[in-house]
Amino acid sequence: MATIVKLEKRTVLWLKIGIAILLAALIILGFRLWFVKTYRIDREKDVSVIVIGTSGRYSEKEIRDYTLDKWYENYWILTRWYYKYRKVEPLPYLEKISVNVTDDGKIEIKAYEKMPIGCILEMGNYLYFDNDGIIVSSKKENVEKLPIVTGLEYSRVTLYKRFETQKDDLFRVVMNIVQQLKKYGIVADEIHFGSEEQVTLLCGGNRFELGTRDTYDVQIQMIRGILDRIGSQETKYHFHMENVESVTDELHATIIE
């Protein structure tokens, strides 16, 4: 008789355990269904990609798939938490990628391309290069209104590669000039290299003869001050700065007729 009672108690215990497991499974399933319905995103409808730049190196789909490549990034609440503590490693030719998740469950991705700082006119195309000298885009017109480098011969001008001049040291000279122009906020039309590698800078109708040297930091700093003084007046000047070594040096200038 005692054995039967023990079996009945054991059966009831297993029945209770079975019911508890079933209830737990139903709760977990219910929570999962609720979680999926509430937080799951449609990557086509709920994710927007904005590419800031002109190169068009990557499509919006490529950037989206690269950024949201984990299973939990199919759920906006997990994506928000994840990117609260983590940054996206940018792809080559991109400065950075940022991710923002809105309160209504939309994911906004912004991709910032490496911005061009100058261009080369080659075979009728304007080839834009970035701060590393990498050609990032090609256009039929100078839509970016960036300084055009003229007078040089190149051994390589390939899209998404660093351009190479026939003389290696001239690459460094070009980058020095363009970076200094950017630093001082000078809008230049053309950077021309003469037959003796002397540099002439054209800015808004004014002409600056910079001579031949390795770096042009002092000359470009002086040009910033000159442009501030002459402003947008109609008279244009031809400045001779070949022998300038200091910002305090005197300048010789003539009026361009």
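The values are calculated or read from the model by the stated rules, or taken from the named source; none is laboratory data. Just so you know, these numbers come straight off a predicted model, no measurement behind them. Ideal geometry is used to build each Cβ from the backbone, glycine not excepted, and the neighbour counts take in all protein chains shown. Note: accessible area is taken over every heavy atom of the protein model, side chains too, but ligands, DNA and RNA are not part of it. Shrake-Rupley method; radii C 1.70, N 1.55, O 1.52, S 1.80 Å.
Which ones in segment 163-191 are in a strand (DSSP E or B) and over 19 Å from residue 214 (Cβ atoms)? Of everything in segment 163-191, just one residue is in a strand (DSSP E or B) and over 19 Å from residue 214 (Cβ atoms), namely 190. Among all residues of segment 148-157, there is at least one that is in a loop (DSSP other than H, G, I, E, B) and aliphatic (A, V, I, L, M).
Could you list all residues from segment 163-194 that are open to solvent by 30 Å² or more (accessible area, probe 1.4 Å) and either modelled with pLDDT under 90 or not charged (D, E, K, R) (or both)? Of everything in segment 163-194, those that are open to solvent by 30 Å² or more (accessible area, probe 1.4 Å) and either modelled with pLDDT under 90 or not charged (D, E, K, R) (or both) turn out to be 166, 167, 168, 169, 179, 184, 185, 187, 192.
If you check residue 115 against the conditions, is it open to solvent by less than 50 Å² (accessible area, probe 1.4 Å) and either aliphatic (A, V, I, L, M) or at pLDDT below 90 (or both)? Spell out the reasoning first.
Values: open to solvent by less than 50 Å² (accessible area, probe 1.4 Å): no; either aliphatic (A, V, I, L, M) or at pLDDT below 90 (or both): yes.
Spelling it out, it is not the case that residue 115 is open to solvent by less than 50 Å² (accessible area, probe 1.4 Å) and either aliphatic (A, V, I, L, M) or at pLDDT below 90 (or both).
Filtered by the rule that a residue be assigned to a loop (DSSP other than H, G, I, E, B), open to solvent by 90 Å² or more (accessible area, probe 1.4 Å) and without any contact (Cβ under 8 Å) to a residue 24 or more places away in the chain, segment 211-257 gives 234, 248, 250, 257.
Identify, please: which residue in segment 43-67 is assigned to a loop (DSSP other than H, G, I, E, B) and open to solvent by 60 Å² or more (accessible area, probe 1.4 Å) and is, among those, farthest from residue 107 (Cα to Cα)? In this case the residue turns out to be 57.
Residues in segment 118-146 that are without any contact (Cβ under 8 Å) to a residue 60 or more places away in the chain, part of a strand (DSSP E or B) and open to solvent by 10 Å² or more (accessible area, probe 1.4 Å): 121, 122, 125, 126, 127, 134, 138. The set of residues from segment 68-100 being β-branched (Val, Ile, Thr) and either assigned to a loop (DSSP other than H, G, I, E, B) or modelled with pLDDT of 90 or more (or both) comprises 97, 99.
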